[in-house]
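Taking it in order: structure first as C-alpha coordinates, then the write-up.
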Amino acid sequence: MTEEGASSESERTVAFLLSLRARGVRDLPLLRAMEKVSREHFAPSRFADLARQDVSVPLACGQTMTAPHTVAALVGALEIKPGCRVLEIGSGSGYVAALLAAMGAQVVSLERYRTLALAAHERLAGGGFSKSVELHHADGFQPDRALGRFDRILVNGVTQALPEALLARLGQSGRLVAALRVEGITRRVVVTSGENGFDHALGPAIRLPPLAPGLARAL
(Lines give C-alpha, C1' and ligand atoms only; values in the text may rest on other atoms or scores of the structure.)
Protein backbone atom coordinates (compact mmCIF):
# COMPACT_ATOMS: atom_id res chain seq x y z
CA MET A 1 0.00 0.00 0.00
CA THR A 2 1.29 3.46 -0.90
CA GLU A 3 1.78 6.16 1.73
CA GLU A 4 -1.23 8.00 0.33
CA GLY A 5 -3.33 4.83 0.46
CA ALA A 6 -2.29 4.14 4.05
CA SER A 7 -3.22 7.69 5.03
CA SER A 8 -6.64 7.36 3.39
CA GLU A 9 -7.17 4.01 5.13
CA SER A 10 -6.30 5.56 8.49
CA GLU A 11 -8.68 8.46 7.90
CA ARG A 12 -11.55 6.07 7.10
CA THR A 13 -10.84 4.10 10.26
CA VAL A 14 -10.80 7.25 12.40
CA ALA A 15 -14.08 8.44 10.84
CA PHE A 16 -15.64 5.03 11.49
CA LEU A 17 -14.61 5.04 15.15
CA LEU A 18 -15.74 8.65 15.64
CA SER A 19 -19.15 7.77 14.21
CA LEU A 20 -19.47 5.02 16.82
CA ARG A 21 -18.40 7.33 19.63
CA ALA A 22 -21.06 9.78 18.44
CA ARG A 23 -23.60 6.98 18.91
CA GLY A 24 -22.50 6.57 22.52
CA VAL A 25 -19.96 3.74 22.21
CA ARG A 26 -17.39 4.31 24.97
CA ASP A 27 -16.01 0.81 25.62
CA LEU A 28 -12.29 1.28 24.89
CA PRO A 29 -11.34 -2.41 24.50
CA LEU A 30 -14.24 -2.82 22.08
CA LEU A 31 -13.30 0.31 20.11
CA ARG A 32 -9.71 -0.95 19.90
CA ALA A 33 -11.00 -4.28 18.57
CA MET A 34 -13.16 -2.46 16.00
CA GLU A 35 -10.09 -0.51 14.95
CA LYS A 36 -8.03 -3.69 14.63
CA VAL A 37 -10.58 -5.95 12.91
CA SER A 38 -11.39 -4.90 9.36
CA ARG A 39 -15.15 -5.02 8.76
CA GLU A 40 -14.41 -4.98 5.01
CA HIS A 41 -12.68 -8.34 5.35
CA PHE A 42 -15.92 -9.89 6.63
CA ALA A 43 -18.43 -8.07 4.42
CA PRO A 44 -19.37 -9.45 0.97
CA SER A 45 -17.10 -7.81 -1.60
CA ARG A 46 -19.99 -6.12 -3.42
CA PHE A 47 -20.86 -4.27 -0.20
CA ALA A 48 -17.29 -3.35 0.79
CA ASP A 49 -18.08 0.35 0.34
CA LEU A 50 -20.65 0.08 3.16
CA ALA A 51 -18.36 -1.75 5.58
CA ARG A 52 -17.22 1.33 7.50
CA GLN A 53 -20.63 2.88 7.64
CA ASP A 54 -22.91 2.34 10.61
CA VAL A 55 -25.41 0.26 8.65
CA SER A 56 -26.34 -3.40 8.35
CA VAL A 57 -25.04 -5.24 5.29
CA PRO A 58 -26.82 -8.06 3.41
CA LEU A 59 -25.36 -11.57 3.63
CA ALA A 60 -26.19 -14.81 1.88
CA CYS A 61 -29.16 -16.93 3.02
CA GLY A 62 -31.29 -13.83 3.60
CA GLN A 63 -29.25 -12.85 6.64
CA THR A 64 -27.58 -9.54 7.53
CA MET A 65 -24.34 -8.27 9.00
CA THR A 66 -25.50 -6.25 12.02
CA ALA A 67 -24.87 -2.49 12.11
CA PRO A 68 -21.73 -1.66 14.14
CA HIS A 69 -23.47 0.40 16.85
CA THR A 70 -25.85 -2.52 17.48
CA VAL A 71 -22.90 -4.91 17.65
CA ALA A 72 -21.33 -2.56 20.19
CA ALA A 73 -24.51 -2.52 22.29
CA LEU A 74 -24.50 -6.32 22.45
CA VAL A 75 -20.79 -6.95 22.89
CA GLY A 76 -20.39 -4.11 25.39
CA ALA A 77 -23.11 -5.63 27.57
CA LEU A 78 -21.17 -8.91 27.71
CA GLU A 79 -18.40 -7.24 29.72
CA ILE A 80 -15.70 -9.32 28.06
CA LYS A 81 -12.50 -9.97 29.96
CA PRO A 82 -9.35 -11.56 28.49
CA GLY A 83 -9.58 -15.32 28.76
CA CYS A 84 -13.39 -15.41 28.80
CA ARG A 85 -14.89 -18.45 27.14
CA VAL A 86 -17.69 -17.18 24.89
CA LEU A 87 -20.47 -19.03 23.05
CA GLU A 88 -21.80 -17.08 20.07
CA ILE A 89 -25.15 -18.02 18.52
CA GLY A 90 -25.39 -16.88 14.90
CA SER A 91 -21.92 -16.55 13.37
CA GLY A 92 -23.13 -14.60 10.34
CA SER A 93 -20.10 -13.19 8.57
CA GLY A 94 -17.72 -14.05 11.43
CA TYR A 95 -17.09 -10.37 12.21
CA VAL A 96 -18.44 -10.42 15.77
CA ALA A 97 -16.49 -13.58 16.60
CA ALA A 98 -13.35 -11.81 15.36
CA LEU A 99 -14.09 -8.80 17.58
CA LEU A 100 -14.55 -11.06 20.60
CA ALA A 101 -11.27 -12.82 19.81
CA ALA A 102 -9.51 -9.47 19.42
CA MET A 103 -10.74 -8.59 22.92
CA GLY A 104 -9.01 -11.68 24.29
CA ALA A 105 -11.90 -14.16 24.34
CA GLN A 106 -11.87 -17.82 23.33
CA VAL A 107 -14.93 -18.19 21.11
CA VAL A 108 -17.14 -21.09 20.07
CA SER A 109 -19.51 -19.86 17.36
CA LEU A 110 -22.55 -21.77 16.06
CA GLU A 111 -24.22 -21.03 12.70
CA ARG A 112 -27.34 -22.77 11.37
CA TYR A 113 -26.62 -21.97 7.69
CA ARG A 114 -23.86 -24.12 6.22
CA THR A 115 -23.09 -21.53 3.51
CA LEU A 116 -22.52 -18.82 6.10
CA ALA A 117 -20.56 -21.14 8.39
CA LEU A 118 -18.13 -22.10 5.62
CA ALA A 119 -17.65 -18.50 4.46
CA ALA A 120 -17.17 -17.22 8.02
CA HIS A 121 -14.64 -19.97 8.72
CA GLU A 122 -12.59 -18.90 5.69
CA ARG A 123 -12.70 -15.23 6.66
CA LEU A 124 -11.70 -15.95 10.24
CA ALA A 125 -8.80 -18.12 9.08
CA GLY A 126 -7.74 -15.44 6.61
CA GLY A 127 -7.83 -12.84 9.40
CA GLY A 128 -5.64 -14.92 11.68
CA PHE A 129 -8.36 -15.86 14.18
CA SER A 130 -8.32 -19.66 13.80
CA LYS A 131 -6.64 -20.24 17.17
CA SER A 132 -9.19 -18.15 19.05
CA VAL A 133 -12.43 -19.06 17.25
CA GLU A 134 -13.97 -22.51 16.86
CA LEU A 135 -16.89 -22.38 14.42
CA HIS A 136 -19.53 -25.08 13.87
CA HIS A 137 -22.50 -25.60 11.58
CA ALA A 138 -24.99 -26.33 14.37
CA ASP A 139 -28.30 -25.42 15.99
CA GLY A 140 -27.44 -22.64 18.39
CA PHE A 141 -30.63 -23.15 20.41
CA GLN A 142 -29.59 -26.72 21.22
CA PRO A 143 -25.83 -26.51 21.80
CA ASP A 144 -23.99 -29.78 22.26
CA ARG A 145 -23.45 -30.54 25.96
CA ALA A 146 -19.93 -31.65 25.08
CA LEU A 147 -19.09 -27.98 24.53
CA GLY A 148 -19.27 -27.47 28.29
CA ARG A 149 -20.20 -24.21 30.01
CA PHE A 150 -19.28 -20.67 29.07
CA ASP A 151 -18.47 -17.43 30.87
CA ARG A 152 -20.42 -15.45 28.31
CA ILE A 153 -23.09 -16.24 25.71
CA LEU A 154 -24.05 -13.88 22.88
CA VAL A 155 -27.24 -14.42 20.88
CA ASN A 156 -27.05 -12.44 17.63
CA GLY A 157 -30.75 -12.09 16.97
CA VAL A 158 -34.26 -11.79 18.37
CA THR A 159 -36.01 -14.64 20.17
CA GLN A 160 -39.42 -14.96 21.80
CA ALA A 161 -37.87 -16.80 24.74
CA LEU A 162 -34.44 -18.07 25.72
CA PRO A 163 -34.19 -21.86 25.36
CA GLU A 164 -33.43 -23.77 28.56
CA ALA A 165 -30.79 -25.77 26.67
CA LEU A 166 -28.94 -22.51 25.96
CA LEU A 167 -29.21 -21.18 29.51
CA ALA A 168 -27.85 -24.53 30.73
CA ARG A 169 -24.57 -23.76 28.95
CA LEU A 170 -24.06 -20.58 31.05
CA GLY A 171 -21.50 -21.05 33.81
CA GLN A 172 -21.65 -19.78 37.38
CA SER A 173 -21.52 -15.96 37.48
CA GLY A 174 -21.88 -16.04 33.70
CA ARG A 175 -23.54 -13.46 31.50
CA LEU A 176 -25.81 -13.93 28.47
CA VAL A 177 -26.82 -11.11 26.13
CA ALA A 178 -29.66 -11.43 23.62
CA ALA A 179 -32.71 -9.60 22.28
CA LEU A 180 -36.28 -10.45 23.28
CA ARG A 181 -39.58 -9.40 21.81
CA VAL A 182 -41.52 -7.93 24.75
CA GLU A 183 -44.98 -6.39 24.29
CA GLY A 184 -44.28 -5.68 20.63
CA ILE A 185 -40.87 -4.09 21.26
CA THR A 186 -37.49 -5.72 20.70
CA ARG A 187 -35.27 -5.06 23.71
CA ARG A 188 -31.82 -6.14 24.75
CA VAL A 189 -31.78 -8.53 27.67
CA VAL A 190 -28.88 -9.38 29.96
CA VAL A 191 -29.13 -12.63 31.89
CA THR A 192 -26.73 -13.31 34.75
CA SER A 193 -26.38 -16.63 36.54
CA GLY A 194 -25.93 -16.94 40.28
CA GLU A 195 -26.45 -19.28 43.19
CA ASN A 196 -30.19 -18.64 43.16
CA GLY A 197 -30.72 -19.07 39.42
CA PHE A 198 -30.96 -16.53 36.62
CA ASP A 199 -31.57 -12.79 36.81
CA HIS A 200 -33.05 -11.09 33.72
CA ALA A 201 -32.51 -7.36 33.12
CA LEU A 202 -34.24 -5.73 30.17
CA GLY A 203 -32.35 -2.94 28.45
CA PRO A 204 -33.04 -0.46 25.65
CA ALA A 205 -34.82 -1.15 22.38
CA ILE A 206 -32.57 -2.68 19.74
CA ARG A 207 -32.86 -3.59 16.05
CA LEU A 208 -31.91 -7.15 15.17
CA PRO A 209 -33.27 -9.83 12.83
CA PRO A 210 -35.05 -12.87 14.30
CA LEU A 211 -33.20 -16.12 14.94
CA ALA A 212 -34.73 -19.49 14.13
CA PRO A 213 -33.92 -22.85 15.74
CA GLY A 214 -32.66 -25.90 13.91
CA LEU A 215 -30.28 -26.42 10.99
CA ALA A 216 -30.94 -24.92 7.57
CA ARG A 217 -29.67 -28.00 5.74
CA ALA A 218 -30.40 -26.74 2.22
CA LEU A 219 -28.09 -23.78 2.71
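The values are calculated or read from the model by the stated rules, or taken from the named source; none is laboratory data. All values reported here derive from a predicted model rather than from experimental measurement. Cβ placement follows ideal geometry from the backbone for every residue including glycine, while neighbour counts extend to all protein chains displayed. SASA here: full protein model, heavy atoms, side chains in, ligands and nucleic acids out. Shrake-Rupley method; radii C 1.70, N 1.55, O 1.52, S 1.80 Å.
Summarise the accessible area of the range 150-207 (1.4 Å probe, protein heavy atoms) by the percent that is carbon and sulfur.
46
If the label point is 7 Å along Cα→Cβ of ALA146, which residues in the range 158-176 have backbone nitrogen under 18 Å from it?
Zone members listed by number: 169.
Tally Lys/Arg at +1 and Asp/Glu at -1 over every other residue whose Cβ is under 12 Å from the Cβ of HIS200; what's the total?
Charge balance near HIS200 sits at +2.
Which longest uninterrupted range of the chain lacks any GluC sites (Glu not before Pro) assigned by DSSP to a loop state (not H, G, I, E or B) and surrounded by at most 15 other Cβ atoms within 10 Å?
The longest such stretch corresponds to 80-182.
Can you compute the modelled spin-label distance between GLU11 and GLU122, with each label point 7 Å from Cα toward Cβ, in nm?
Distance between the two pseudo-spin positions: 3.3 nm.
Over the range 165-219, what is the mean sequence separation of C-alpha contacts under 8 Å (at least six apart), divided by residue count, expressed as relative contact order in percent?
The normalised contact order for the range 165-219 reaches 26 percent.
Give me the extension gain from ASP49 to LYS36: residue separation times 0.36 nm, minus the current Cα-Cα distance, reported in nm with one decimal.
Extra length available between ASP49 and LYS36 comes to 2.9 nm.
Could you order HIS200, HIS137 by accessible surface area, starting with the largest, using a probe radius of 1.4 Å?
Output order, biggest surface exposure first: HIS200, HIS137.
Relative contact order, percent, of the range 107-219 when contacts are C-alpha pairs under 8 Å separated by at least 6 residues?
Computed over the range 107-219, the figure is 26 percent.
Between beta-carbons, use under 14 Å as the cut-off and find the net charge around ALA119, counting Lys and Arg +1, Asp and Glu -1.
+2
Quick one: accessible area per residue over the range 139-219, 1.4 Å probe, rounded to a whole number of Å²?
Dividing the accessible area of the range 139-219 by its residue count gives 55 Å².
Give me D for the chain in µm² s⁻¹, whole number, from Stokes-Einstein with Rh from the Kirkwood sum over alpha-carbon pairs, 25 °C and 0.890 mPa s.
This corresponds to a translational diffusion coefficient of 140 µm²/s.
Which angle between 0 and 90 degrees, to the nearest 10, do you get for helix 3-22 versus the longest principal axis of the chain when only C-alpha atoms count?
Helix 3-22 sits at roughly 40 degrees to that axis.
Let me check I've understood the local charge: for LEU78, count other residues with C-beta under 13 angstrom from its C-beta, Lys and Arg +1, Asp and Glu -1. What total comes out?
Its environment carries a net charge of +1.
Normalized C-alpha radius of gyration of the range 51-130, against 2.2 N^0.38 Å?
1.04
Most mobile of PRO44, PRO82, PRO29 per a Gaussian network model of the chain (Cα springs, under 10 Å)?
PRO82
At R0 = 35 Å, how high is the FRET efficiency between ARG114 and ARG207 if r is their beta carbon distance? Nearest 0.05 is fine.
Calculated transfer efficiency: 0.85.
Rounded to whole Hz and in sequence order, give me ³J(HN,Hα) for the range 57-63 from the Karplus expression 6.51 cos²θ - 1.76 cosθ + 1.60, θ = phi - 60°, writing x for Gly and Pro.
Karplus-based 3J(HN,Hα) across the range 57-63 equals 10, x, 10, 5, 6, x, 9 Hz.
Sort out the exposed loop trypsin sites (Lys or Arg not before Pro) in the chain (DSSP loop, at most 11 other Cβ within 10 Å) and tell me the longest stretch that has none.
It runs 27-130.
If contacts are Cα pairs under 8 angstrom and at least 6 residues apart, what is the relative contact order of the chain in percent?
Relative contact order comes out at 16 percent.
For the range 71-172, report the % of Cα-Cα distances exceeding 16 Å.
Tail of the P(r) past 16 Å holds 51 percent of the pairs.
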